[in-house]
1. What FRET efficiency, computed as 1/(1 + (r/R0)^6) with R0 = 22 Å and r the Cβ-Cβ distance, is obtained for Ser26 and Phe69, rounded to the nearest 0.05?
2. In nm, what is the difference between 0.36 nm times the number of residues separating Leu38 and Glu135 and their Cα-Cα distance?
Amino acid sequence: MLPSLRQRPRPISHLHKVYDRPQFDSDVALRDAIKQSLVDGPRMQVATRAIAAVGQYNPFGVSPDLTNFPTGAQMVSGAGEARRAVRERIGHGADLIKVYADWTRPILIVDEMRVIVEEAHKQGRKVAAHATSPEGIKNAPHSGRGFHRACTRGGPPCY
């Protein structure tokens, strides 16, 4: 016997996905399959890989010499590469852009974050920042309007 509508759990209607490691752009494929009614699921907004500074993001403790080792971030150095990374993330299907403002210490400088926010907004995308250090949390809003932070340390929680 099927449960009545009141007994059924409420379906998820929308999902923001800002973590995709190391599957890379698999969330884009799922989002598109849902849009095409190939599979059931909620509306999704996905970020694909994040953007981080070269040599500063190493979540697996793997040697930086392994340049092709899969991580959840596209590495940049300087404003030009940061702008290009935003364009590439959008080209890979990102609905929003995620950055690592810091890892164990600040890794993206304000100018790089500012360019990321500027380019994302030109393309109609929002930006979310992973920030855990006091300086990373402080730097994120100085990068422009519409910069959302996810903080875990460094003072009161902020979202």
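1. The pair Ser26/Phe69 has a calculated efficiency of 0.80.
2. Value of the extension gain: 30.5 nm.
No lab work stands behind these numbers, since they all come straight from the coordinates. For clarity, every value in this text was computed on a predicted model and none was experimentally measured. With ideal geometry, Cβ positions are generated from the backbone for all residues, glycine too; neighbour counts draw on all protein chains shown.
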